[in-house]
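What follows is a short report on a single structure.
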Amino acid sequence: MATRPDPVLPADDAARALSRDLLAATHAALSYLEPETALPAISRIAFGLDPAGVPMTLISALAPHSAALRANPACALLLGEPGPKGDPLTHPRLMLQARAQFIAPDDPNRPTLRDHWLAHHPKSKLYIDFADFSLVRLHPVSALLNGGFGRAFRLSPADLT
């Protein structure tokens, strides 16, 4: 039996550029595994990039995904929203597989990350310093860009910066 060629292409310059555009989002869908059941769950999160271009978020310890990511840092993100017209499945979207890293309150990088986060998410000033909130870097492991019908690309973490 003949094997079918992989329809997902390696990244090219256009795919890398589109992925970087999608990474400019201010929110994303975050998938994680629930610790008690190992079943997948999903949340909408605030999203941004740290000064080095690493995806990050701000999470309350009250959110179910906080405990889940502490128990198992493996996660996935979906970025990209459908446009106002046309089939939503033809609009570009980026899926990242990542590993979550919580930034400790005494981490020497936290003040820089905090200021950077607030520059892009100013409304977070109301709660970013509450004891239950943590900045979390989401280090990409791999990515898949669906650039529209017939345009799928595999990307490495290096392709995203």
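The values are calculated or read from the model by the stated rules, or taken from the named source; none is laboratory data. Since the structure is predicted, the reported quantities are computational estimates derived from the model, not experimental observations. Every residue, glycine as well, gets a Cβ built from its backbone with ideal geometry; the counts of neighbours run over all protein chains shown.
What tally of residues in segment 140-156 results from selecting those that are out of contact with any Phe, Trp or Tyr (no Cβ under 9 Å at 6 or more places or on another chain) and buried (at least 17 other Cβ atoms within 10 Å of the Cβ)?
At the first step, the residues of segment 140-156 found to be out of contact with any Phe, Trp or Tyr (no Cβ under 9 Å at 6 or more places or on another chain) are 140-142, 148-156.
Pick out the ones that are also buried (at least 17 other Cβ atoms within 10 Å of the Cβ) and you get 140, 153, 155.
Here the count works out to 3.
Specify which of the listed residues (Gly148, Gly53, Gly83) is modelled with pLDDT under 95 and either under 30 Å from Glu36 (Cα atoms) or touching a Ser or Thr at 6+ places or on another chain (Cβ under 8 Å) (or both).
Working: Gly53 fails: modelled with pLDDT under 95; Gly83 fails: either under 30 Å from Glu36 (Cα atoms) or touching a Ser or Thr at 6+ places or on another chain (Cβ under 8 Å) (or both).
Residue meeting the stated conditions: Gly148.
Read through the list (1) polar (S, T, N, Q); (2) within 18 Å of Met95 (Cβ to Cβ); (3) out of contact with any helix residue (DSSP H, G or I) (no Cβ under 6 Å at 6 or more places or on another chain), then give the number of the only condition that Ser43 fails.
Answer for Ser43: the failing condition is (3).
Which residue, of Phe149, Phe133, Phe153, is more than 27 Å from Pro88 (Cβ to Cβ) and among the hydrophobic types (A, V, I, L, M, F, W, C)?
Values: Phe149 fails: more than 27 Å from Pro88 (Cβ to Cβ); Phe153 fails: more than 27 Å from Pro88 (Cβ to Cβ).
Answer to the check: Phe133.
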